[in-house]
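Student: Have a look at this one.
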Amino acid sequence: MDTLKKRKLGKTELMVTELGLGAMDTPQVPEGEETLQLALDSGINFIDTARIHQDSEYLIGKVIRERANKDFYISTKTMQNERDAAQHDVDRSLRILGTDHIDLYHLGDVKESNWTQVMSEGGALEGLKIAQIRGLVSYIGLSSHDLITVERAIRSQEFDAVMVEYSAFYKDSTDLLELAASLDVGIIVMRPLGGSGRTSSMRTAQQQNEKYSGITAEMLLKYVLSNPNISVAIPGARYPSRISENVTVASSYTMLEKAEKNRIEFLASQLF
Ligand SMILES: NC(=O)c1ccc[n+]([C@@H]2O[C@H](COP(=O)([O-])OP(=O)(O)OC[C@H]3O[C@@H](n4cnc5c(N)ncnc54)[C@H](OP(=O)(O)O)[C@@H]3O)[C@@H](O)[C@H]2O)c1
């Protein structure tokens, strides 16, 4: 079996495979369970989901119950703003996942508009901290599409990890990855391939033009993994073939030189 390299997730004790799985859309197709099983059989040890993607938590719970050992980490999220609602979400996740604790629980999709609320007394962060004291949650993270919020979260030192978008299509977060690494905050990269709209355009272009020489999923994954500041990239996948392809890339790539990164950024800029 190909061996995936591991990186330490910030200050936590979690050694995560640098290739994870974003399981948000995995349950959408009949092959979803096979996809998740293959990811785990291939050694991927970081699976990301969210309370809001109930079918995804449900699928992971089903697979946990079927496997002899739960030898992987689960990252999930609450979209709640208040303490009690966040605690309620933790309890619901535990029941659906069928585990006695969750490795990493995020405040999900935090924005400037709800930052103060989630961070204040009675806010959702307090709920996750109580769950942590109760031994239900090991580490606390924050995910956001808003870079001002990501920076606040990193500097606050309240979070073990942040989840942020980063890819050859989206480089705006590059400096924040460096900041997080300097403060030993773990970085989980969401949408590392640029999202399903772009990957579907890439596949169509490849199928329709045999001489296609544009951006590929392989280049995009190598681009993200070549950033030493990230802890784990979580490409989404519904189909088992994507897992095989991504595992092959992640277990055989070498860090890209700047010129190659520049070329990939250029090809990415040409997609649309
Ligand atoms: N916190 C948040 O607000 C938030 C928001 C968005 C995403 N996320 C997390 O980030 C994860 C990934 O995001 P995403 O799924 O939106 O974007 P993504 O990972 O950039 O792209 C996913 C797309 O790439 C395709 N793909 C995967 N491997 C491929 C390969 N080797 N070749 C060709 N296509 C490939 C997938 O195909 P198939 O699905 O067809 O197999 C899917 O359509 C999510 O699952 C979720 O865990 C979090």
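Since every read-out is calculated from the coordinates, none of them should be taken as a lab result. Since this is a predicted model, take the numbers as computed values, not measurements. With ideal geometry, Cβ positions are generated from the backbone for all residues, glycine too; neighbour counts draw on all protein chains shown.
Student: Length gain on complete extension for the stretch GLN37 to LYS62, per 0.36 nm per residue less the alpha carbon to alpha carbon distance? Please list the in-between numbers first.
Tutor: Working: separation 25, 0.36 × 25 = 9.00 nm, distance 1.06 nm.
Result: 7.9 nm gained on full extension.
Student: Positive end of the dipole of region 156-272, charges at C-beta (+1 Lys, Arg; -1 Asp, Glu), about the Cα centre: which of TYR166, SER200, ALA250 has its Cα farthest in that direction?
Tutor: Toward the positive end, the furthest listed residue is SER200.
Student: Using only the Cα atoms of region 190-238, each taken as one equal point scatterer with no solvent, compute I(q) by the Debye sum, divide by I(0), and report log10 of the ratio at q = 0.16, 0.25, 0.32 Å⁻¹.
Tutor: Relative scattering, expressed as log10 I(q)/I(0), comes to -0.48, -0.94, -1.24.
Student: Next up: What length, rounded to one decimal in nm, is gained on full extension from SER201 through to LEU183, with 0.36 nm per residue of separation minus their alpha-carbon distance?
Tutor: This chain segment gains 2.8 nm when fully extended.
Student: Taking the Cα centre of region 124-272 as origin, sum charge times position over the Cβ atoms of Lys and Arg (+1) and Asp and Glu (-1), and report the length of that vector in debye to the nearest 20.
Tutor: Details: 15 positive and 16 negative charges, 87 e Å.
Around 420 debye, computed over region 124-272.
Student: Let me check I have the definition right: for the chain, take the eigenvalues of the Cα gyration tensor, multiply each by 5, take square roots. What are those semi-axes in whole Å, largest first? Intermediate values should be presented prior to the final figure.
Tutor: Values: eigenvalues 175, 97, 54 Å².
Each semi-axis is the square root of five times an eigenvalue, giving 30, 22, 16 Å.
Student: Rounded if a/c is under 1.5, else prolate if a/b beats b/c, else oblate: with a ≥ b ≥ c from the C-alpha gyration tensor eigenvalues square-rooted, which is region 1-110? Intermediate values should be presented prior to the final figure.
Tutor: Values: a/c = 1.81, a/b = 1.29, b/c = 1.40.
It comes out oblate by the Cα gyration axes.
Student: Would you mind working out the magnitude of the charge dipole of region 54-139 relative to its Cα centre, with +1 at each Lys and Arg C-beta and -1 at each Asp and Glu C-beta, to the nearest 20 Debye?
Tutor: Values: 11 positive and 14 negative charges, 55 e Å.
Dipole size: approximately 260 debye.
Student: To the nearest Å, what is the center-to-center distance of region 49-77 and region 238-252, using C-alpha atoms only?
Tutor: With region 49-77 and region 238-252 each reduced to a Cα centre, they are spaced 20 Å.
Student: Taking R0 as 35 Å, what's the FRET efficiency between ASN209 and ASP100 from their Cβ-Cβ distance, rounded to 0.05? Could you put the intermediate results ahead of the total?
Tutor: On the way: r = 52 Å, r/R0 = 1.47.
According to the calculation, E is roughly 0.10.
Student: Then there's this: Just to confirm the number: angle between the C-alpha axis of helix 83-97 and the first principal axis of the chain, 0 to 90 degrees, nearest 10?
Tutor: Between helix and principal axis, roughly 60 degrees.
Student: Here is a follow-up. Roughly how many nanometres apart are two label points built 7 Å out from the Cα toward the Cβ at GLN270 and GLU112?
Tutor: About 3.6 nm, to one decimal.
Student: Based solely on its DSSP helices, what 222 nm [θ] is calculated for the chain when runs of n ≥ 4 H residues each add -39,500 (n - 2.57) and the sum is averaged over all residues, nearest 500 deg cm²/dmol?
Tutor: Numbers: 11 runs with 122 residues, N = 272.
Result for the chain, helices only: -13500 deg cm²/dmol.
Student: Quick one: Cα centre-to-centre distance for region 24-48 and region 166-228, in angstrom?
Tutor: Here the answer is 20 Å between Cα centres.
Student: Can you give the convex hull volume per residue for the Cα atoms of region 1-56, as a whole number of Å³?
Tutor: 83
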